[in-house]
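Just below is one structure, and these are the notes that go with it.
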Amino acid sequence: MQEHPDYAETAFTNGYEFTQGTGYQLPEYPFVAPPELTSGEVRRHPIVVVGGGITGLTLTCLLAHYGVPVILLDEDNTVGVKGASSRGICYAQKTLEIFKRLGIYGRIAAKGVQWSVGRTFAGDDEVYSFDLRQQQTLSLSKEPPFINIQQFYVEGFLVERIYQLAQTNPGVELRWRHRVTGLEQNGEIATLSIDTPAGTYSLQADHVVDCSGSHSPFRGWCQATTTAKKGDDRWCIADVRFSNPPPAERHTWIEAPFNEGRAVWQHLMADGVWRIDYQMPPDADLPSMSREDVVRARLNAQFKRELSPEECEIVWVGPYAYRSECLDMLRHGRVFFAGDAAHVVSPFGARGGNSGVQDADNLAWKLAAVVEGRAAPQLLDSYSDERREAAQFNMRVTNRTTRFLRPVDGAERLFRNAVLSLARQHLFARQLVNTGRMSTPNTYTHSSICSKTGGLATQNTALTWPDGTRGELIDLLNWAGSRLLLLVFGDLPASAARRLQDLALQTDVRCVQVIPPDSRASAVEHVIDQEGHLQASCHVFGHAWALLRPDSYVAATGESIDTSLVHAIAMALGTRWSLQGEIA
Amino acid sequence: MKNSLNFQDADAFYESLLDAHHGLSREQSELLNARLILLMANQIGNTALLQACIAAAGEPAPRPAMTPHLHGT
């Protein structure tokens, strides 16, 4: 097919630069001319996702997993950033649980790196160290606290999974080299103008999700306002491979003697590639800090000798500045913003990519329920409320770290010096050393669809099936799909069991009884909570029920099977429920 | 003297401490610190404990923190 001369190549606007080294061969996906180009017909689709980064791909994969039609438009034809290799590297437990639901966790665990020892240094001294293996008892999840892996691997696994799901769900389409050039919308529908190598066309969507990153054009088209903060902190990443690698530990220096007293991060990813991230002088010039000779000089200073290109291969170099920014509303009419398009934070604590994945998880089941007519359209407003609260929390936490790592002269620097000098001897001061607070699931405290006891994340705990084999909470969630899952803990009198059965028929909620070992179940669908971990994970005690959303959050909890449960179900779906069983 | 972790929310405390100093001159900052120490000391009250804190704060760290060169490089 003749290439349309007007289709401009993708612009690399994020400041990442590729230098020497073998780098990575990123997969390329085929451009397929859409049927609209020949027919000229403007088709209407329920959901269109724009941007095939980690957020857009996770959302598309979740919708495909729920059996909902979805079209993804990506201006590029590969994963990662074309010509560059990796951005995010650290995937937190909640994200790993989402990937497990989608069936790609096994590949991530096999390819990625789990580490447990972290050491923090100030000057030449170790200020403190930790071993996550000793803290694992704190977690009830089957997944580890986090896995390091290059972002493009995760994205590649998601693409392959989407193609797999599309085989049985023909409404799922990945459209590569489709760039959105314009948006118009009214209260009912959005119309997108799209540029492709074979020409331009328009399509209509009931719901558009913008996952096109921090330079999203949708912000302007929707006149979305933001709250932003930009600092002078500058960093430069060197992704390198050593012939003689250092120990597989995460090292962070707050004041590295080999980096003029500034911070350095060093951690391992897949393929034996180390990410070494150097803090640069404030307002440093980005292009000059990423020259190969400058990068090599930094590596030589760190390892205290001249490293030959054979001993230390530079895979990729990426200088960056960061800002802290959040849209004031994550929904503008038919358009929803997710991932970096909605909010940008500093990289400390791995709260960028991980929050994008969790945005997708929050929105996917709501879109599925609304598109399939099982929930009121107002349910979608709760996406903005819940994920904006999460974004603001992440901004606050990452800004605190920024303040510790790039203190302003005066009191900020004075207190950091005091903390570091105390931390060497006094245990308590180590709690104040802030090299990033690792991403954990956010709590929704002001959600219109959660009860007072809801809004909390669960963890993927183990459980036992009636035949004695082992399972996990994700098995139940996947059984429920995009529907609510009601777990009823403890024994169930016959009258309550009947009410539960009626409720399940009327409301389309999946119900499971959870019993302790050696007790008798009265519901057909039941599991055994051998260690009590499932109940703890749902934040309830004794005889209780917990209403779980498909994103594994608790919507509400209660004690008896009565109208309070009926209301909780209606609330979780954005509807009001009358006792006649009609959606009002 | 407590040496173990005792903050309910260390990061929130640290943030509010820095916020209190925001925009102050050096003299104002020093005065704020002094007033804060006295207010906190009165919360502790216990003479032996206060003496132990003063002694610990006065001890030199095993090695001095390296002087950072964030500026002028």
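The values are calculated or read from the model by the stated rules, or taken from the named source; none is laboratory data. A quick note: this is a predicted structure, and the numbers were derived from the prediction, not measured. Cβ sites come from the backbone with ideal geometry, for glycine too, and all protein chains shown count toward neighbours.
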Single residue of the range A:210-264 satisfying the filter (within 14 Å of chain B (Cβ to nearest Cβ) and in a helix (DSSP H, G or I)) that is surrounded by the fewest Cβ atoms within 10 Å (Cβ to Cβ): A:Pro257
Qualifying residue in the range A:381-388 (condition: surrounded by fewer than 24 Cβ atoms within 10 Å (Cβ to Cβ), part of a helix (DSSP H, G or I) and within 14 Å of chain B (Cβ to nearest Cβ)): no
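Inside the range A:239-264, can you point out the residues that are of a type in the set (A, V, I, L, M) and modelled with pLDDT of 90 or more? Lay out the reasoning, then the answer.
Going residue by residue through the range A:239-264, those that are of a type in the set (A, V, I, L, M) are A:240, A:248, A:254, A:256, A:263-264.
Of everything in the range A:239-264, those that are of a type in the set (A, V, I, L, M) and modelled with pLDDT of 90 or more turn out to be A:Val240, A:Ile254, A:Ala256, A:Ala263, A:Val264.
Give me the strands (runs of 3 or more DSSP E) completely within the range A:46-136, filtered to those with at least 2 residues that are buried (at least 24 other Cβ atoms within 10 Å of the Cβ), ordered by residue number.
By residue number, A:70-74, A:90-92.
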Selected residue (criterion: farthest from the other protein chains (Cβ to nearest Cβ)) from residues of the range A:389-430 that are polar (S, T, N, Q) and over 29 Å from A:Ile449 (Cβ atoms): A:Thr402
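Say we look at the range A:469-496 and pick out the residues that are modelled with pLDDT of 95 or more and in a loop (DSSP other than H, G, I, E, B); which of these is farthest from the chain's Cα centre (by Cα)? Before the answer, list the steps.
Kept after step one, since they are modelled with pLDDT of 95 or more, are these residues of the range A:469-496: A:469-489.
If we keep only those that are in a loop (DSSP other than H, G, I, E, B) too, we end up with A:469, A:481-484.
On the way: A:Thr469: 31, A:Gly481: 19, A:Ser482: 18, A:Arg483: 21, A:Leu484: 21 Å.
Among them, the one singled out is A:Thr469.
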In the range B:5-20, the residues that are assigned to a loop (DSSP other than H, G, I, E, B) and either at the interface with chain A (Cβ under 9 Å from one of its Cβ atoms) or touching a helix residue (DSSP H, G or I) at 6+ places or on another chain (Cβ under 6 Å) (or both): B:Leu5, B:Asn6, B:Phe7
Strands (runs of 3 or more DSSP E) lying entirely in the range A:497-563 (those with 2 or more residues that are in contact with a Pro (Cβ under 9 Å, 6 or more places away or on another chain) and at pLDDT 95 or above): A:526-528
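Identify, please: which residue in the range B:21-52 is closer than 26 Å to A:Thr401 by Cβ and over 13 Å from the mean Cα position of the chain (by Cα) and is, among those, farthest from the other protein chains (Cβ to nearest Cβ)? So that I can check it myself, show each step before the final result.
Here is the first cut: in the range B:21-52, the residues closer than 26 Å to A:Thr401 by Cβ are B:21-24, B:26, B:29, B:32-33, B:36, B:40.
Subset that is over 13 Å from the mean Cα position of the chain (by Cα): B:22-24, B:26.
On the way: B:His22: 8, B:Gly23: 10, B:Leu24: 7, B:Arg26: 7 Å.
Among residues in the range B:21-52 that are closer than 26 Å to A:Thr401 by Cβ and over 13 Å from the mean Cα position of the chain (by Cα), the one farthest from the other protein chains (Cβ to nearest Cβ) is B:Gly23.
Give the residue, chosen from A:His539, A:His533, that is at positive phi and in contact with a Leu (Cβ under 8 Å, 6 or more places away or on another chain). Show your work before the answer.
Working: A:His533 fails: at positive phi.
Testing whether each residue is at positive phi and in contact with a Leu (Cβ under 8 Å, 6 or more places away or on another chain) leaves just A:His539.
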Residue match in the range A:420-431 (condition: part of a loop (DSSP other than H, G, I, E, B), closer than 30 Å to A:Phe121 by Cβ and within 30 Å of the chain's Cα centre (by Cα)): yes
